[in-house]
Amino acid sequence: MVTVAPPQGWSYALHLPHDPRAPRVARMTLRAALTGHGMGELLDVAELLTSEMVTNAYRHTKGPSSLRLRSVRHGRLRVGVWDSNPHIPAPFDKPPGAYGAPPVATDSDSGRGLLLVRRCADAWGGWPLGDQLFGSGGKLLWFEVGEPAGCGLQHLR
């Protein structure tokens, strides 16, 4: 009997409709992928950051979005979220460390999601896509994690 070894790396892609349930579907997909690949130690931080980015895609566009999960070297995870809005928001519009965090009003109920990504992810970035993605344009925001709970998530509970 011949056995097939799974590839060292893996990748999943998920098309998300413009629907308020999209962040939950993205979290469930992420949880299934990380658990299935033995990367459960990354769940808390990856789930929080994925939810923030997919929520932003829903809130700031009128069309669909996409989620891509990919394993990268040494047990690390890269998450990418595409949406149709070409605007790269702060802090993704500058390289990491290029400037301090933009102020958020203390009574505001939004504006902190991407700052969480900046604080908790090991690496992050964004690319405007123009007409590169099947003529759809938009942007791709991504982050990478590899250290469990690297941003003090225990204090957020």
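Brief remarks on what is shown
- Filtered by the rule that a residue be under 13 Å from the mean Cα position of the chain (by Cα) and open to solvent by less than 80 Å² (accessible area, probe 1.4 Å), the range 6-21 gives a lone residue, L14.
- Number of residues in the range 22-79 that are farther than 17 Å from L116 by Cα, in a helix (DSSP H, G or I) and in contact (Cβ under 8 Å) with a residue 60 or more places away in the chain equals 1.
Okay, residues lined up against (1) open to solvent by 20 Å² or more (accessible area, probe 1.4 Å); (2) at pLDDT below 90; (3) within 14 Å of the chain's Cα centre (by Cα):
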| position | (1), (2), (3) |
| --- | --- |
| A90 | yes, yes, no |
| L115 | yes, yes, yes |
| R118 | yes, yes, yes |
| G152 | no, yes, no |
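Residue by residue, here is whether (1) surrounded by fewer than 19 Cβ atoms within 10 Å (Cβ to Cβ); (2) under 18 Å from P128 (Cβ atoms) holds:
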| residue | (1), (2) |
| --- | --- |
| G36 | yes, no |
| E41 | yes, no |
| V45 | no, no |
| E52 | no, no |
| L67 | no, no |
| H74 | yes, no |
| W82 | no, yes |
| K94 | yes, yes |
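The values are calculated or read from the model by the stated rules, or taken from the named source; none is laboratory data. Because the structure is a prediction, the values reported are computed rather than measured. Reconstructed Cβ throughout: ideal geometry from the backbone, glycine too, with neighbour counts over all protein chains shown. Just the protein is used for accessible areas: all its heavy atoms, side chains included, with ligands, DNA and RNA removed. Shrake-Rupley method; radii C 1.70, N 1.55, O 1.52, S 1.80 Å.
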